[in-house]
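Coordinate-derived values only; no laboratory data. Please read these numbers as outputs of a predicted model, since none were measured by experiment. Cβ placement follows ideal geometry from the backbone for every residue including glycine, while neighbour counts extend to all protein chains displayed.
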Amino acid sequence: MSKAADLRIIIFLSLVASVYVLAFATLIRLLLNKLGYIQLTNSKWGRYLRRISLIAAFLGIICFIYGFVEPYLLNVSYVKLTTKKFSNGSKPLKIAHFSDLHSDPTPRLENKLISRIEIEKPDIIVFTGDTINSTEALEVARDFFSKLSKIAPTYVVKGNWDSWFWYNLNLFGETGVKELRSISEKLTINNNSFWITGVAVGQANQVSKLIEKIPNEDFSILLYHYPDEIEDLAGKIDLYCAGHTHGGQIAMPFYGALITYSKFDKKYESGLYKVKDTWLYVNRGIGMEGGNTPRVRFCSRPELTIIEIYPANS
């Protein structure tokens, strides 16, 4: 984590702690007042302070409970882009993009995500890494990808969890999806040709060599888990699909992520960005950080992104 992220977490936790210390102290004082041990001031500001502290504590409890509900609330984001590299009058290319599945042994949003992607009828589906939180979840993830691949051609890359912890597991084999292992593949859909390139975490040094082989007149898509390569690759590809940040997973209203684990901190925390001539989309992901961390989200709902790319003069 960056020093800025550390400071944000310290401030956030300090504010939360202050609210509950004040609320607890207020409850104790109200009890002592009722028992006759002390006499509280009845001033307007004293009453306001007591009410505010108790309301803030109550709202904090509601937010805490909601954090366990939000992981089940799938959000679908729609993005429309244009390019001069597609033929005039051709149909748009429709991409379903999601990231950070982080499956657990008990399915959470997997079936809902399948149903929603079926409704959207994409031309291709792309997944930008982090598949499971534990080996016990492998069957859940493989079943999910097997169903997904029957909807549309599906392209996947490995994220940091996949590359660091599950490198010896068969995450995608025999599921029907195409894992991009430092390769570029040319596709033609709706009479438009384009290239899709994918690399796993740990292989970012391969990207430049791969995209150098793509003709400038062809539209290009990169799948890479981190958004961290965007400023080095800006202007060299057309669309960069990433994830990893979870949109913060715990975010604040009007402020956004507290932590992103990106080298750019909050600069590319989630959503659509234009850097030179390259579009970057950072998906908030479907699941949540694994290990012993609580499975919660707040103000950062699980996200499926539908990206439609239209000919510029349509």
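Observations on the structure shown:
- Scalar couplings 3J(HN,Hα) for region 222-229, obtained by applying the Karplus form with A = 6.51, B = -1.76, C = 1.60 to θ = phi - 60°, are 10, 10, 8, 4, 7, x, 5, 8 Hz; x denotes Gly and Pro.
- Eligible lysines near Lys267 by straight Cα distance, threshold 19 Å, same-chain separation 8 or greater: Lys3, Lys276
- For region 34-168, the Kirkwood estimate of the hydrodynamic radius, built from every pair of different alpha carbons, is 19.2 Å.
- Exposure proxy ranking, count of Cβ atoms within 10 Å, fewest first, for Thr188, Thr175: Thr188, Thr175
- Cβ-placed point charges (K, R +1; D, E -1), dipole of the chain about Cα centre in debye, nearest 20: 1360
- Region 225-242 and region 150-215 have Cα centres spaced 14 Å apart.
- Within the chain, the longest segment free of exposed loop sites, counting GluC sites (Glu not before Pro) that fall outside DSSP classes H, G, I, E and B and have at most 15 other Cβ atoms within 10 Å, spans 1-173.
- Projecting the Cα positions of Phe172, Gly285, Phe254 onto the charge dipole of region 171-314 (unit charges on Cβ atoms of Lys, Arg, Asp and Glu, taken about the Cα centre) puts Phe254 furthest along the positive direction.
- Considering only beta bridges that DSSP places wholly inside the chain, some 35 percent are antiparallel.
- Helix 110-120 and the longest principal axis of the Cα set of the chain meet at an angle near 50°.
- Principal-axis tilt of helix 138-148 within the chain, Cα atoms, nearest 10 degrees: 50
- Centroid-to-centroid separation of region 10-89 and region 253-314 [C-alpha atoms, Å]: 24
- When the chymotrypsin sites (Phe, Trp or Tyr not before Pro) in region 210-314 are filtered for DSSP coil states and for at most 14 other beta-carbon atoms within 10 Å of their beta-carbon, the remaining sites are Phe254, Tyr255.
- Semi-axis lengths, largest first, of the ellipsoid equivalent to region 1-101 are 52, 16, 14 Å, with √(5λ) applied to each eigenvalue of the Cα gyration tensor.
- Loop-located trypsin sites (Lys or Arg not before Pro) in region 178-264 (DSSP state not H, G, I, E or B) with no more than 15 neighbouring Cβ atoms inside 10 Å: Arg181, Lys213, Lys263.
- Computed from Cα atoms, the angle from the helix 44-67 axis to the main principal axis of the chain rounds to 40 degrees.
- With N as its number of residues, region 36-77 has a Cα radius of gyration that, divided by 2.2 N^0.38 Å, comes to 1.95.
- Diffusion coefficient (Stokes-Einstein, Kirkwood radius over C-alpha pairs, 37 °C, 0.692 mPa s) for region 148-281: 207 µm²/s, rounded to a whole number.
- Loop chymotrypsin sites (Phe, Trp or Tyr not before Pro), region 166-213 (other Cβ atoms within 10 Å of the site Cβ: 13 or fewer; DSSP): Tyr167
- Eigenvalues of the alpha-carbon gyration tensor of the chain, scaled by 5 and square-rooted, set the equivalent ellipsoid semi-axes at 45, 21, 18 angstrom, largest first.
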